[in-house]
Amino acid sequence: MDKDKNRLQDNQVSGKGGGYGNSNCTTRRCLAETLINRNYSSQPQNEDCTQIIKVPFIEYQTLSVEWKDLELKWDKSVYQYDTVVLPVNKIWTPELHVTNGILTTMKHNSHDLLVYSNGTVKHMVIINAEVNCEVNLFNYPFAADECPVAIQAWSIDGCGTELVLGTVKMVDSTHGDWQTDDVKLQKKRDDRNYIMVSLSIKYLNPFLTLMLPSILLILTDVVSFALPLGGGERNSFKVTLVLSFTMFLIILNDKLPGDSDCSPIIRPHFCICLALLVLSMLVSLVLTRVAKDGGLIFCCMSKGPTCGSTENKEEKEDEEAKADVPVTQLDASDSQILRKVVYFLESLDAKELKIEKCQEFANTVDKIFFWWML
């Protein structure tokens, strides 16, 4: 009796005893040990040398895989269970690859898998892959493009495994500055399946950190035309804007995308903004000189007539001729003093008139440039 009891315990552990059909142990764990002791670690071999691997759904990096191994089925009249749990390292499991990935790693979602009485095996795997995709960044930070991810199982010369993909579920679609808009399955080749991933940049962050500061600087430069031309406050303010924007571009130079032949449109945007700021600064400097000296030509000349100088000279000669008429009856000394006083007063009036004309001309040009900037 003791020997029979020991033999029964051995059969319960090992699953032996004339085959699993004749085993006295019919528990689920004995069934699992019986299947494990078969040691089927190689791929199921069918007549056509191809094993179909079904992928019912793909949820982000998690894949549900399903295949049939007829050597793992059992007689339900002996073991009255529809399913049994086996360790994943005790039977064969398929290996999946991302063929266009730079780095691909596949790991099991669990240490166990589920086996059905008809030999169907269900399991979950996790695939992490780094895929090199060419993304069109011309419209950065409003760029969007598609990235193909090629999933393939091992196969050579008609032998191996063949994938049959089901549905793709999109979850957790936001990572960093990119977001996943859509995923769909495509089959461009008989031996390869593609998951077409539609990506787009979350434009809010780049817009706030890149484009909005440049727009605000241009707006500030336009509003700075409200400052008067005289005094130098406007010129110093515009020089500060140009230097600030230049430092802003130097800091962003290594952070902006666009090392390829197709540079993003945000780079010409920054160039245009810088050109407008410099042009506005130069116009303000020139108009300040015009308001003071009276003409664009005299910005580069140290000597020469100013605006209205010819007219003032002619008017001075006429006034001198007119002034000589009434003063002929005076003494020579009194006439000379009176002539100098009259000339001095007329010079002051002429100078004030010249300054007013120059300032009016500069203000007119300044307003024209202001409306052009708008």
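Does Leu256 meet the test of being under 16 Å from the mean Cα position of the chain (by Cα) and assigned to a loop (DSSP other than H, G, I, E, B)?
Yes, satisfied.
Please give the strands (runs of 3 or more DSSP E) falling wholly within region 99-181 in which 1 or more residues are under 30 Å from Met211 (Cβ atoms) and open to solvent by 70 Å² or more (accessible area, probe 1.4 Å).
120-131, 144-153
On the basis of being over 24 Å from Ala143 (Cα atoms) and open to solvent by 70 Å² or more (accessible area, probe 1.4 Å), does Leu243 make the cut?
yes
Over 30 Å from Trp154 (Cβ atoms), among the small types (Gly, Ala, Ser) and either assigned to a helix (DSSP H, G or I) or within 31 Å of the chain's Cα centre (by Cα) (or both): does that describe Ser214?
yes
When you go through Lys238, Lys255 one by one, which is the residue that is of a type in the set (Lys, Arg) and at pLDDT 85 or above?
Just one listed residue meets the conditions, Lys238.
Quick one: what pairs do we get from region 341-370, first residue polar (S, T, N, Q), second surrounded by 14 or more Cβ atoms within 10 Å (Cβ to Cβ) and at pLDDT 70 or above, C-beta under 7 Å, 6+ apart or different chains?
Between residues of region 341-370 that are polar (S, T, N, Q) and residues that are surrounded by 14 or more Cβ atoms within 10 Å (Cβ to Cβ) and at pLDDT 70 or above, the close pairs are Gln359/Ala291.
Just give me the residues in region 219-240 being closer than 11 Å to Leu277 by Cβ and either over 37 Å from the mean Cα position of the chain (by Cα) or surrounded by 17 or more Cβ atoms within 10 Å (Cβ to Cβ) (or both), in sequence order.
Asp221, Ser224, Lys238
Can you name the residue in region 259-291 that is surrounded by 17 or more Cβ atoms within 10 Å (Cβ to Cβ) and either outside any helix (DSSP H, G or I) or within 18 Å of the chain's Cα centre (by Cα) (or both) and, of all such residues, is modelled with the highest pLDDT?
Step by step, filter region 259-291, then rank; the result is Phe270.
For Ile58, are the conditions met, namely being outside any loop (DSSP other than H, G, I, E, B) and surrounded by fewer than 17 Cβ atoms within 10 Å (Cβ to Cβ)?
Spelling it out, it is not the case that Ile58 is outside any loop (DSSP other than H, G, I, E, B) and surrounded by fewer than 17 Cβ atoms within 10 Å (Cβ to Cβ).
Which residues, taken from region 75-98, are outside any strand (DSSP E or B), under 20 Å from Ser41 (Cα atoms) and open to solvent by 60 Å² or more (accessible area, probe 1.4 Å)?
Within region 75-98, Asn89, Lys90, Glu95 qualify.
Exactly one of (1) touching a residue at least 40 places away in the same chain (Cβ under 8 Å); (2) surrounded by fewer than 17 Cβ atoms within 10 Å (Cβ to Cβ); (3) among the charged types (D, E, K, R) is unmet by Lys68. Its number?
Result: Lys68 passes all but (2).
Looking at Ser200, Ser280, Ser284, Ser236, can you tell me which residue is of a type in the set (S, T, N, Q) and within 30 Å of Leu96 (Cβ to Cβ)?
Within the list Ser200, Ser280, Ser284, Ser236, the selection yields Ser200.
The values are calculated or read from the model by the stated rules, or taken from the named source; none is laboratory data. All values reported here derive from a predicted model rather than from experimental measurement. A quick note on method: Cβ atoms are made from the backbone with ideal geometry, for glycine too, and the neighbour counts reach across all protein chains shown. Side chains included, ligands, DNA and RNA excluded: accessible areas come from the protein's heavy atoms. Shrake-Rupley method; radii C 1.70, N 1.55, O 1.52, S 1.80 Å.
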